[in-house]
Amino acid sequence: MAVFTTVSEAELTAWLSDYSLGQLLELQGIASGIENTNYFVTTGNGRFVLTLFEKLTADELPFYLNLMAHLARHGIPCPNPMANRHNQFLGTLNGKPACIVSRLSGKSITVPNLAQCAAIGAMLGQMHIAGQSFSQIMPNPRGATWRAATTPQVRPFLKAAQAALLDREVELHSRQSGISLPQGVIHADLFRDNVLLEKDRIGGLIDFYFACTDALLYDVAITVNDWCMDTGGRLEMQRTQALLRAYHAVRPLLDAERDAWPLMLRLAALRFWLSRLHDMHLPRDGELLNAHDPRHFERVLQNHIDAAQAVWL
């Protein structure tokens, strides 16, 4: 289980005394996730999710918590941070920055249908529009600087052909700023396991802790690369078009974004190939059971390179 910091019921009860959330009824560790420690918490006032942050610092976290509160106020179904009696979203629990947020309804799915792809496309467009009025800025922590720094760390673990592919893609994207494309707040990790569905309706978007300010199209590419792939790591046309058309109906895509789409798909695949290589070969101290296989996004990247043209609207 990916719980790095253990919290007892007695410790949580003491911590919750600073909140108006009622008496603790149940505490349950959540097995998914590789970045933070998460627990389901049930109190007399409802169901919540407790997060202890293992990497992000107290100085970094206000952006994410304020963003979720902003999006929730604008009708986006995302975790709403609970403020303590000092009107603060962030506290400290067992030596780690911690927050407690509303628990959303629904469950993640493995094989999305066309209606579900359309639903996440429309919701992503709505989130991007809602984010336009959010004033805080967070440069992408997994951008060009991170790619340049991480590549030499993972290269010793790669075969020659893999290393050559990685080097070529990192160098290619170092020349593509994407700054001419529409910018704004992006989720940056909107995989299927970060979306809760109730049949074909979006019940919640979760795990905003990679959110940042970047090209909105990059967020679309990240989402398509997870939601619209066939078993061989190639874009499935109907699901891709369903997602893109639904997004476009909410936030119309520009001609410049159409032109950038094939390279953006590659950049999105590169980002997750590289991060999964790092998590696999250079994990943090302690047990890490949920590291994802990096070969999947290596295949996705290579398929994007080989494709005659990327699926569009």
**Message:** Can you tell me the length gained on complete extension of the stretch Q309 to S180, counting 0.36 nm per residue apart and subtracting the Cα distance?
**Reply:** 44.3 nm
**Asked** Given springs between every Cα pair under 10 Å in a Gaussian network model of the chain, which of I137, I202, I76 has the largest fluctuation?
**Response** I137
**Degrees between helix 114-131 axis and first principal axis of the chain (Cα, 0 to 90, nearest 10)** = 70
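I want the local charge near L56. Using Cβ-Cβ distances under 15 Å, sum +1 for each Lys or Arg and -1 for each Asp or Glu among the other residues.
Here the charged neighbours net out to -2.
Considering only protein heavy atoms and a 1.4 Å probe, what is the carbon-and-sulfur percentage of the accessible area of region 43-198?
Numbers: 3820 of 7170 Å².
Of all accessible area on region 43-198, carbon and sulfur atoms account for 53 percent.
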**Extension gain, S133 back to D18 (0.36 nm per residue minus Cα-Cα distance, nm)** = 38.3 nm
**Prompt:** How far, in degrees from 0 to 90, does helix 144-154 lean away from the longest principal axis of the Cα atoms of the chain, to the nearest 10?
**Reply:** 90
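State in Å² the accessible area per residue of the chain; use a 1.4 Å probe, count heavy atoms of protein chains only, and round to the nearest integer. Before the final figure, lay out each step's value.
Values: 14190 Å² over 313 residues.
Accessible area per residue, the chain: 45 Å².
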**Asked** If you line up the long axis of helix 160-174 against the longest principal axis of the chain, both from Cα atoms, how many degrees apart are they, to the nearest 10?
**Response** 80
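In debye, nearest 20: dipole of region 128-181 around its Cα centre with unit charges on the Cβ of K, R (+) and D, E (-)?
100
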**Message:** Quick check on region 168-234: take the gyration tensor over C-alpha atoms, sort the square-rooted eigenvalues as a ≥ b ≥ c, and tell me if it's rounded (a/c under 1.5), prolate or oblate.
**Reply:** oblate
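If you rank W227, W146 by how much accessible surface each has, with a 1.4 Å probe, what is the order from largest down? Walk me through the numbers before you get to the answer.
Values: W227 0, W146 45 Å².
Descending order: W146, W227.
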**Prompt:** Which stretch or stretches of region 74-117 have amide N atoms under 14 Å from the point lying 7 Å from L25's Cα along the Cα→Cβ direction?
**Reply:** 103
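Note the full-extension length gain between N66 and N45 as 0.36 nm times their separation in residues minus their Cα-Cα distance, in nm to one decimal.
On the way: separation 21, 0.36 × 21 = 7.56 nm, distance 2.24 nm.
Residue separation times 0.36 nm, minus the Cα-Cα distance, leaves 5.3 nm.
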**Complete:** Projected onto the charge dipole of the chain (unit charges on the beta-carbon of Lys, Arg, Asp and Glu, signs +1, +1, -1, -1), the Cα from N225, L205, A31 with the largest positive-side position is that of N225
**Message:** Using only the Cα atoms of the chain, what semi-axes does the equivalent ellipsoid have when each is the square root of 5 times a gyration tensor eigenvalue? Give whole Å, largest first.
**Reply:** 33, 23, 18
**Message:** How big is the dipole moment of the chain about its Cα centre under a simple scheme where the beta carbon of each Lys and Arg is +1, that of each Asp and Glu is -1, and everything else is neutral? Debye, nearest 20, please.
**Reply:** 420
**Request:** Could you tell me which of rounded, prolate or oblate describes region 82-159, using a ≥ b ≥ c as the square roots of the eigenvalues of the alpha-carbon gyration tensor, with rounded for a/c under 1.5 and, failing that, prolate when a/b is larger than b/c and oblate otherwise?
**Result:** oblate
**Prompt:** Summing -39500 (n - 2.57) over the DSSP H runs of n ≥ 4 in the chain and dividing by its residue number, what mean residue ellipticity at 222 nm do you reach, to the nearest 500 deg cm²/dmol?
**Reply:** -13500 deg cm²/dmol
**Item:** Förster radius 22 Å - calculated FRET efficiency between T231 and N113, Cβ distance, rounded to 0.05
**Value:** 0.90
**Request:** Arrange the residues W273, W15 by how much accessible surface each exposes, largest first, with a 1.4 angstrom probe.
**Result:** W15, W273
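The values are calculated or read from the model by the stated rules, or taken from the named source; none is laboratory data. Bear in mind the structure is a predicted one, so any value in this text is a computation, not a measurement. For neighbour counting, all protein chains shown are included, and Cβ atoms are generated from backbone atoms with ideal geometry for every residue, glycine included. Heavy atoms of the whole protein, side chains included, go into the accessibility calculation; ligands, DNA and RNA do not. Shrake-Rupley method; radii C 1.70, N 1.55, O 1.52, S 1.80 Å.
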